[in-house]
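Visitor: Sharing a structure here in structure tokens format.
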Amino acid sequence: MSVVWKPDANAPLWDSCEVSGENGPFFNELDIVHIKQNGPSCVPTTLAMLARATGANVGPEYFMRRINSQSPHTWSKSLEPFGMQLAYCNQDLRRLEYYIDELLAYNDLFLVCFYSSTPPSDPDEKGKLCTAHIVTLHKDMIIDTAKHGQSSVCLANDYPRLDRETKRIFRVVPIGYPRCL
């Protein structure tokens with residue numbers, strides 16, 4: 001008898017067997033304080049917010065010396081001294097609005113990367129596809145380093161850029177978690 005395999009059109013962002021107990025939520029008690037980014041520094045600024053929430057006294061400059069903005073593995077490695085690492089979530093190019101309720105149901109800490117404009121199918125002559133941005137989702141709040149004042153922290157369902165296409169989604173996990181980068 002042959003086995004018939006069918007591809008699954010939709011995978012959960014995080015596999016259901018890894019949702020509760022020793023599999024999370026992991027960082028519900030963090031007090032993440034917004035830092036406004038200077039220039040195109042959303043990744044190091046976001047990582048600095050996470051590190052500071054653990055009690056460290058570091059700024060974006062600390063991470064600028066340690067990461068490549070297009071290499072999430074370096075982001076994850078740079079968080080290790082603060083007891084954190086990143087794990088990829090299952091996702092595709094859909095708009096954030098299609099994922100947000102599922103992310104909120106996990107009630108945990110995520111980094112959500114999205115394209116700032118609709119990505120073309122090919123990069124330009126310099127090899128650039130388009131700009132992207134990263135925000136922090138902690139429980140039900142989005143913290144955006146590109147914003148300031150009241151618009152820097154908002155309820156996830158009220159975030160004005162939910163119509164952007166997803167680039168990457170990471171769950172922030174404890175150091176050594178089996179699924180980490």
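The values are calculated or read from the model by the stated rules, or taken from the named source; none is laboratory data. Since we're looking at a predicted model, the values are computed, not measured. Neighbour counts are summed over all protein chains in view; Cβ atoms, including those assigned to glycine, are modelled from backbone coordinates with ideal geometry. All accessible areas refer to the heavy atoms of the entire protein, side chains included, with ligands and DNA or RNA removed. Shrake-Rupley method; radii C 1.70, N 1.55, O 1.52, S 1.80 Å.
Visitor: If a residue must be over 19 Å from residue 77 (Cβ atoms), outside any strand (DSSP E or B) and in contact (Cβ under 8 Å) with a residue 12 or more places away in the chain, how many such residues does segment 152-181 contain?
Guide: So the answer is 8.
Visitor: Report, by residue number, each residue of segment 141-158 that is surrounded by 13 or more Cβ atoms within 10 Å (Cβ to Cβ) and touching a helix residue (DSSP H, G or I) at 6+ places or on another chain (Cβ under 8 Å).
Guide: 141, 142, 143, 144, 145, 146, 156
Visitor: If you go through segment 58-77 one residue at a time, how many are open to solvent by 50 Å² or more (accessible area, probe 1.4 Å) and either hydrophobic (A, V, I, L, M, F, W, C) or within 18 Å of residue 170 (Cα to Cα) (or both)?
Guide: Here the count works out to 6.
Visitor: Evaluate segment 87-101: report whether one residue or more is in contact with a strand residue (DSSP E or B) (Cβ under 6 Å, 6 or more places away or on another chain), part of a loop (DSSP other than H, G, I, E, B) and open to solvent by less than 30 Å² (accessible area, probe 1.4 Å).
Guide: yes
Visitor: Picking from 24, 55, 83, which residue would you name as being open to solvent by 60 Å² or more (accessible area, probe 1.4 Å) and on the phi > 0 side of the Ramachandran plot?
Guide: Every option except 55 fails the conditions.
Visitor: Within segment 28-52, take every residue that is surrounded by fewer than 18 Cβ atoms within 10 Å (Cβ to Cβ) and charged (D, E, K, R) and give me the one that is modelled with the lowest pLDDT.
Guide: Only one residue fits best here, namely 29.
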